[in-house]
Amino acid sequence: MSGGDDSRTAAENSDGRLGEGIPYPEAAVGFPGEPDGFQRLWTPHRMVYIDGQDKPKDDRAEECPFCTAPSKTDEDGLIVARGQHVYAVLNLYPYNPGHLLICPYRHVADYTDLTQEETVELAEFTQKAMRVIRALSGPHGFNLGMNQGPVAGAGIAAHLHQHVVPRWGGDANFLPVIAQTKALPQVHADVQARLKKEWNR
């Protein structure tokens, strides 16, 4: 493979499908390597999560997305159901389609700080979330859990939230293992609408 002028155009170097005079966005000429046969799934939107732009600046309720979500419409806040003490909301960065979070309205970090009423309703919402997801998409299993504190993996540690993650056989393929990437077949608005409809049935 010889080096060359990276400004050459598609019309000069290929079958011309890109149109005459349009330069290659990234010319491969002059770079080492051979085609490996892989398709690339580009997910640049996830850089918002990786870089942390959406994370709160501090632990105050005013900065907390779990405190501000209930003040929005269900559609804008991705809220599936509202209870007296807790609510169910789609995870903005889901592990799998239908990944829900059960959150108390109150800005509280630790599970042991929940009131009895909050604890009971959080458990009831978790059960209901599992039934709703099963009715819609028939997962083979679930991951349920809370990450308590940053050292335990909590992205927003100041506001407790229970994860309800549907799982299917083979959903943990090579993408999340080696590329920190998940392929999701549905957009949030569609998932939110379907879950909300089933929840209220």
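Observations
- For the range 158-174, the set of residues classified as more than 15 Å from the chain's Cα centre (by Cα), at pLDDT below 90 and of a type in the set (Gly, Ala, Ser) consists of Gly169, Gly170, listed by residue number.
- Some residue of the range 133-152 being within 13 Å of Val191 (Cβ to Cβ) and among the hydrophobic types (A, V, I, L, M, F, W, C): yes
- Listing of strands (runs of 3 or more DSSP E) fully contained in the range 66-160 that carry 1 or more residues being touching a residue at least 60 places away in the same chain (Cβ under 8 Å) and β-branched (Val, Ile, Thr): 79-82, 100-104
- If you go through the range 93-118 and pick out every residue that is open to solvent by 30 Å² or more (accessible area, probe 1.4 Å) and within 14 Å of His159 (Cα to Cα), you end up with 8.
The values are calculated or read from the model by the stated rules, or taken from the named source; none is laboratory data. Keep in mind that what you see is a predicted model, and the values were worked out from it rather than measured. No Cβ is skipped: glycine too gets one built from the backbone with ideal geometry, and neighbour counts run over all protein chains shown. When the accessible area is computed, the model is the full protein with side chains, heavy atoms only, and any ligands, DNA or RNA have been set aside. Shrake-Rupley method; radii C 1.70, N 1.55, O 1.52, S 1.80 Å.
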